[in-house]
1. For residues that are outside any helix (DSSP H, G or I) and of a type in the set (S, T, N, Q), scanning just segment 1-44, find the one that is nearest to Glu65 (Cα to Cα).
2. Given the conditions (1) assigned to a helix (DSSP H, G or I); (2) modelled with pLDDT under 90, which single one is not true for Ser78?
3. Could you go through segment 16-36 and let me know if any residue there is basic (Lys, Arg) and over 16 Å from Asp54 (Cα atoms).
4. Mind checking which pairs have a first residue in segment 32-48 that is closer than 18 Å to Glu22 by Cα and a second that is among the charged types (D, E, K, R), Cβ under 7 Å, 6 or more apart or different chains?
5. I need a count of the residues in segment 21-49 that are under 24 Å from Glu72 (Cα atoms) and surrounded by 14 or more Cβ atoms within 10 Å (Cβ to Cβ).
Amino acid sequence: MDKKCIKKLKDLVQNVVLPDIEDYIDDLFEDIASNKNASDADNDELKNMHEMRDEFQGILKDIEENNLDQEECSEILSEITQMIKENQED
């Protein structure tokens, strides 16, 4: 197994992705709390972000338990990198 991929993925998820998701969840929660008539879309977005956070925490758990093979690591790393790139373009 390529330890570089695992280390890079773990660092990216821990230090970039999860903090960004947590910040976004906090912002959404504040918006919903300050707007008594929060839309269903806002509530759905909050739910989706919680699910996304749980998925990334699951990835970290897989890394810690050595349940991630090289192909999965490369694929996930590529997807996250692409997602970050697209968000920076917005």
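The values are calculated or read from the model by the stated rules, or taken from the named source; none is laboratory data. Source: prediction; values computed, not measured. Cβ: placed from backbone, ideal geometry, glycine included. Neighbour counts: every protein chain shown.
1. So in segment 1-44, the residues outside any helix (DSSP H, G or I) come out as 1-2, 35-39.
Of the ones still in play, those that are also of a type in the set (S, T, N, Q) are 35, 37, 39.
Working: Asn35: 42, Asn37: 43, Ser39: 39 Å.
Per the stated criteria, the residue is Ser39.
2. For Ser78, the exception is condition (2).
3. Yes, because at least one residue in segment 16-36 is basic (Lys, Arg) and over 16 Å from Asp54 (Cα atoms).
4. From segment 32-48, the pairs are Ile32/Asp42; Asp42/Asp31.
5. 2
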